[in-house]
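Just below is one structure, and these are the notes that go with it.
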Amino acid sequence: MMAAIETQDLTKRYGRLLAVDRLNLVVERGEVFGILGPNGSGKTTTILMLLGLTDPSAGTVRVLGRDPVREPLSVKRRVGYLPDTVGFYDELSGRENLRYTAALNGQTGRRVEARIEALLEQMGLGEAADRPVRTYSRGMKQRLGLADVLLKEPELVILDEPTLGLDPQAAHEFLLLIRSLKEKGLTVLLSSHLLHQVQAITDRVGLFRKGRMELVGSVPELARQVLGGAFRIRVRAAGPGLEQALGRIPGVLRVTEEAHGYLLETERDLRPEVARAVVEAGGKLFELELEEPSLDEIYRAYFQGVNRDAA
Amino acid sequence: MTRREGSAFSGLGVVFLKEFADQLSGIRMRMLELLIVLTAMATIYAAIQTIKNVVGEDVFLFLRLFTTAKQPLPSFVAFMGFLIPLLAIALGFDAVNGEFQRRTLGRVLSQPIYRDALLFGKYLAGLATLGLVLLSVWLLVTGLGILFTGLVPSGEEVARGLLYLAATLAYGGVWLAVALFFSVVFKNPTTSALAAIGVWLFFTVFWGMIAGMLAPVISPVHYGFPEEILRQAQTELALARISPNTLYAEATLALLQPEVRALGPVLPAQLEGMVLGTPLPLSQSLLLVWPQFAGLIAASVVFFTLAYVVFQRMEIRA
Ligand SMILES: Nc1ncnc2c1ncn2[C@@H]1O[C@H](COP(=O)(O)OP(=O)(O)O)[C@@H](O)[C@H]1O
Ligand SMILES: [Mg+2]
């Protein structure tokens, strides 16, 4: 089966500005893929090209095996899209808004009414379903947006900055909803500039900068590439000569001294070896913690590196 | 370019129905309806007062209801000519940029429809709303006329009345297309409303003067020959007819005043054999206004096409 999304040297030019520069992106079916990058790095432009809502300047796109430029209707029939700032018809109720979307997809009748009802319930909008959208909070609108996207029973869901403007609690709940789509077998592409949020729910991420996707992979893979060691172990211990003892453990890449101990970058989870080394060196071990690398860190480290190289 | 997949009009009916429902339920619509109904009643009432004195002298007395003015009120027809463009502009000025402002455009266009269907559906919904308002006002006015004068319109008067409605709808269609065009061009609804009203004011107030000033430049009268004078008059008329207002005024005139035999300058030679003052049969009046009808529809098509072209290229993100 073909990948859900496949682009080849996809490029978008606005005058002299390269908004997207020779993008080669492959998103497999059933995957949750995050495109990450600061504002203006070309995420939205990429998404619009995937949907055939803006024409590429060069390169090719395949979405679910089709070309969105030449077959926009069959792509849009199977792809759900939540824009970065989703809007509804304020004077209509949530249910009426969904009805309109359903009708635009050629769905009418009792089966659709039931589906709308079920989606509203699922998104926690059962109570508000018949109130005008004007009265909805930002988080409710976003959930209505997700219902709107799921209404057409898409195979691929594209979400642009889905947590933008949500408070941390609402954002967290919304991310869980997105993650639950994967269990239903959907492919999800989401963009964000909030890295730690995305880390929790994506299988793979692509890091965008100035229109280019510079890194792509799972978070541990990227950590290995960018941070060197994939694992970080925080040791709270005291004793003479500990730094050397820790440095001698096979698989430890780097030892940095911290306020109450050391931070180790390692190739594997070396917690047992570290414990033994501390004890054998005659030190006192207070705490040993394996730290997941955060995307934020990867990102900062990578782009700092890039900037330093450039400077 | 290869042929596009699917129909350009899939989703058209859905868009039309939603927009039509929106228009009919909107506050803006209520206000305008009220305005039109009140003015219609006032002008008709005034006309009835005048007409009562001349009962029996005129075969087309019922049509006079529409065209008679009584100081200080203008006639019903004059009022409609003034209000219909405003109504059309009110219905269309935020058609596209309103979606943009509400951030619904991206969501709607990511459904399996072409942009064509959205634009055309909105236009048709505006036109249908306009048609509905016109028809109700006309029925109201006719009913009031029958009630207060005791006259019953003849078949021909009804036919002429309906044709007048059709001409008014075509005229409204032009301003709707103008408003739609500006709603695509300008992101801000206030700007697009002002632009559309500006164009309307230009044609209503200034175009006549400009035509009057340009005609002597284009077709000067050097020696005072009748041909020269005629040519200048014709030039001025041709210029004036660029304005949809002129076309509409001519169409109204010929439809509601059956004794009008020609639109524009008439030579004595052409009048030979004509019995002045006798009304034209309906078919002849229709023939007379056919070019005006065609002109109004062409103007709508031009503005709609312009709107379409700009909309196709428009970036949908904020
Ligand atoms: N319609 C447009 N005309 C000109 N430049 C644009 C247009 N849309 C986006 N851009 C530019 O393209 C670049 C990428 O924008 P975008 O894809 O929106 O980034 P992101 O979604 O990652 O914040 C930005 O520099 C932006 O200013
Ligand atoms: Mg963006």
Quick one: in the stretch A:84-104, of everything that is open to solvent by 10 Å² or more (accessible area, probe 1.4 Å) and closer than 30 Å to A:Leu17 by Cβ, which residue is farthest from the other protein chains (Cβ to nearest Cβ)?
A:Asp84
Among the strands (runs of 3 or more DSSP E) lying completely within the stretch A:201-305, list those that include at least 2 residues that are open to solvent by 40 Å² or more (accessible area, probe 1.4 Å).
A:204-209, A:212-217, A:231-238, A:252-258, A:284-291
Quick one: B:Val108 ticks every box in (1) more than 19 Å from the chain's Cα centre (by Cα); (2) within 14 Å of another protein chain (Cβ to nearest Cβ); (3) open to solvent by 20 Å² or more (accessible area, probe 1.4 Å) bar one, so which box is it?
(3)
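Condition check: crowded, with 17+ Cβ neighbours inside 10 Å and either more than 16 Å from ligand 1 (Cβ to nearest atom) or β-branched (Val, Ile, Thr) (or both). Does A:Thr7 satisfy that? Steps first, please.
Numbers: crowded, with 17+ Cβ neighbours inside 10 Å: yes; either more than 16 Å from ligand 1 (Cβ to nearest atom) or β-branched (Val, Ile, Thr) (or both): yes.
Considered against the rule, which asks whether it is crowded, with 17+ Cβ neighbours inside 10 Å and either more than 16 Å from ligand 1 (Cβ to nearest atom) or β-branched (Val, Ile, Thr) (or both), A:Thr7 comes out as yes.
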So A:Gly59 passes all but one of these: (1) on the phi > 0 side of the Ramachandran plot; (2) modelled with pLDDT under 95. Which condition number does it fail?
(2)
Scan the stretch A:158-180 and tell me whether some residue there is open to solvent by 20 Å² or more (accessible area, probe 1.4 Å) and in contact with a Phe, Trp or Tyr (Cβ under 8 Å, 6 or more places away or on another chain).
yes
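Being of a type in the set (D, E, K, R) and either within 12 Å of ligand 1 (Cβ to nearest atom) or assigned to a helix (DSSP H, G or I) (or both) narrows it down to one of A:Arg22, A:Arg13, so name that one. Spell out the reasoning first.
Values: A:Arg22 fails: either within 12 Å of ligand 1 (Cβ to nearest atom) or assigned to a helix (DSSP H, G or I) (or both).
One residue alone meets the criteria, A:Arg13.
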For the subset of the stretch B:287-318 comprising residues that are at pLDDT below 95 and more than 27 Å from B:Ala262 (Cβ to Cβ), which member is farthest from ligand 1 (Cβ to nearest atom)?
B:Gln312
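If you check A:Arg66 against the conditions, is it within 14 Å of chain B (Cβ to nearest Cβ) and away from ligand 2 (no atom under 16 Å from the Cβ)?
On the way: within 14 Å of chain B (Cβ to nearest Cβ): yes; away from ligand 2 (no atom under 16 Å from the Cβ): yes.
Against the criterion (within 14 Å of chain B (Cβ to nearest Cβ) and away from ligand 2 (no atom under 16 Å from the Cβ)), A:Arg66 qualifies.
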Count - residues of the stretch A:200-215 that are hydrophobic (A, V, I, L, M, F, W, C) and more than 12 Å from A:Ile298 (Cβ to Cβ):
4
May I ask you to verify whether A:Lys43 is closer than 30 Å to A:Arg131 by Cβ and within 13 Å of another protein chain (Cβ to nearest Cβ)?
no
Quick check: anything in the stretch A:184-191 within 20 Å of A:Asp84 (Cα to Cα) and open to solvent by 30 Å² or more (accessible area, probe 1.4 Å)?
no
Given the structure, is B:Thr43 away from chain A (no Cβ under 14 Å) and of a type in the set (Ser, Thr, Tyr)?
yes
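If the requirement is being touching a residue at least 24 places away in the same chain (Cβ under 8 Å), under 29 Å from B:Gly145 (Cβ atoms), open to solvent by 30 Å² or more (accessible area, probe 1.4 Å) and within 14 Å of chain A (Cβ to nearest Cβ), which of these qualifies: B:Leu24, B:Leu73?
Working: B:Leu73 fails: within 14 Å of chain A (Cβ to nearest Cβ).
After applying the criteria, what remains is B:Leu24.
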Go through the stretch A:26-45 and report how many residues are under 15 Å from the mean Cα position of the chain (by Cα), away from ligand 2 (no atom under 16 Å from the Cβ) and part of a loop (DSSP other than H, G, I, E, B).
3
Looking at the stretch B:113-126, which of the residues that are within 13 Å of another protein chain (Cβ to nearest Cβ) and open to solvent by 10 Å² or more (accessible area, probe 1.4 Å) is farthest from the chain's Cα centre (by Cα)?
B:Tyr114
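Okay, residues lined up against (1) at pLDDT below 95; (2) in a helix (DSSP H, G or I):
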| position | (1), (2) |
| --- | --- |
| B:Asp116 | yes, yes |
| B:Gly121 | no, yes |
| B:Leu127 | no, yes |
| B:Val141 | yes, yes |
| B:Leu151 | yes, no |
| B:Val158 | yes, yes |
Scan the stretch B:213-265 for residues that are farther than 15 Å from B:Ala167 by Cα, crowded, with 19+ Cβ neighbours inside 10 Å and of a type in the set (A, V, I, L, M, F, W, C) and report the count.
4
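Given the criterion closer than 30 Å to B:Ile27 by Cβ and of a type in the set (Asp, Glu), identify the matching residue among A:Glu96, A:Glu71. Before the answer, list the steps.
Working: A:Glu71 fails: closer than 30 Å to B:Ile27 by Cβ.
From the options A:Glu96, A:Glu71, the qualifying one is A:Glu96.
This table checks each residue for (1) in contact (Cβ under 8 Å) with a residue 12 or more places away in the chain; (2) within 26 Å of the chain's Cα centre (by Cα).
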| position | (1), (2) |
| --- | --- |
| A:Tyr81 | yes, yes |
| A:Arg95 | yes, no |
| A:Arg99 | yes, no |
| A:Arg111 | no, no |
| A:Gly126 | no, no |
| A:Ala129 | yes, no |
| A:Met140 | yes, yes |
| A:Ile158 | yes, yes |
| A:Thr163 | yes, yes |
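State which residue is farthest from B:Tyr248 (Cα to Cα) when the search covers only the stretch B:195-231 and only residues that are without any contact (Cβ under 8 Å) to a residue 24 or more places away in the chain and within 19 Å of the chain's Cα centre (by Cα). Quick ask: steps written out before the conclusion?
Within the stretch B:195-231, the subset without any contact (Cβ under 8 Å) to a residue 24 or more places away in the chain is B:195, B:198-199, B:201-202, B:205-206, B:209, B:213, B:216-229, B:231.
Retained after the next criterion (residues that are within 19 Å of the chain's Cα centre (by Cα)): B:195, B:198-199, B:201-202, B:205-206.
Numbers: B:Ala195: 21, B:Gly198: 19, B:Val199: 16, B:Leu201: 15, B:Phe202: 16, B:Val205: 15, B:Phe206: 16 Å.
Step by step, filter the stretch B:195-231, then rank; the result is B:Ala195.
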Quickly run through the stretch A:34-75 and pick out the residues that are open to solvent by less than 40 Å² (accessible area, probe 1.4 Å), of a type in the set (D, E, K, R) and within 13 Å of ligand 1 (Cβ to nearest atom).
A:Lys43
Surrounded by 18 or more Cβ atoms within 10 Å (Cβ to Cβ) and within 16 Å of ligand 2 (Cβ to nearest atom): does that describe A:Leu17?
no
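Among the candidates B:Glu19, B:Glu5, single out the residue that is in a helix (DSSP H, G or I) and within 11 Å of another protein chain (Cβ to nearest Cβ). So that I can check it myself, show each step before the final result.
Working: B:Glu5 fails: in a helix (DSSP H, G or I).
Sole residue among the options that is in a helix (DSSP H, G or I) and within 11 Å of another protein chain (Cβ to nearest Cβ): B:Glu19.
The values are calculated or read from the model by the stated rules, or taken from the named source; none is laboratory data. Given the structure is predicted, the values throughout are model-derived calculations rather than measurements. Backbone-built Cβ (ideal geometry, glycine too); neighbour counts: all protein chains shown. Each accessible area value is taken on the protein alone, full model and side chains, heavy atoms only, with ligands, DNA and RNA left out. Shrake-Rupley method; radii C 1.70, N 1.55, O 1.52, S 1.80 Å.
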